[in-house]
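Presented below is the structure to which this report refers.
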Amino acid sequence: MDFIKKENDRRSKFRFAIEREVRYRLAEDGVVVAAGSGETIDMCSGGVAFVTGQPLTPGGFVELSISWPVLLDATCPIRFITFGRILRSTGCITVCTIDKYEFRTQARSFQASVTTRGEGMLHRWADGMRKVSLKTNAATA
């Protein structure tokens, strides 16, 4: 894993070049408008840059599920789940914030699922962020 810090870079955090499989879901106005998979480019404590198959809308709420390179107890694969906002998307490269995160265990092998996991966590997080934003805007007005 390499550190990425360019001489004229204004970022306050070091980015780590890490290429991992990522799955994403983008929500706008409480509705998932895009979902897919790609690969991370780099990460830092404040955000993730990743490649997608399509440009994603800046400002949208995004949930990322990133395969983690280390096994839990040396046997169980885990995923790094983040919730954030899309900062920019140029072509197929997207950059988003990390506003909330958690680690989750995953199955040891892929199993096709008949049902899909609901968007509950993404919707609850996005609704909470919208409410905070509305309160902040009301307080400054």
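The values are calculated or read from the model by the stated rules, or taken from the named source; none is laboratory data. Predicted, not measured: the structure shown is a model, and the values here were computed from it. So basically every Cβ, Gly included, is an ideal-geometry build from the backbone, and we count neighbours across all protein chains shown.
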Breaking point among (1) in contact (Cβ under 8 Å) with a residue 60 or more places away in the chain; (2) touching a Phe, Trp or Tyr at 6+ places or on another chain (Cβ under 6 Å), for L64: (1)
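Table: residues versus (1) closer than 29 Å to R130 by Cβ; (2) surrounded by 12 or more Cβ atoms within 10 Å (Cβ to Cβ); (3) at pLDDT 95 or above.
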| residue | (1), (2), (3) |
| --- | --- |
| E19 | no, yes, yes |
| T40 | yes, yes, yes |
| G46 | yes, yes, no |
| D73 | no, no, no |
Complete set of residues in segment 106-126 that are surrounded by fewer than 13 Cβ atoms within 10 Å (Cβ to Cβ) and either at pLDDT 80 or above or within 21 Å of L56 (Cα to Cα) (or both): G118, G120, R124
Test for K131: is it modelled with pLDDT of 65 or more and surrounded by 13 or more Cβ atoms within 10 Å (Cβ to Cβ): no
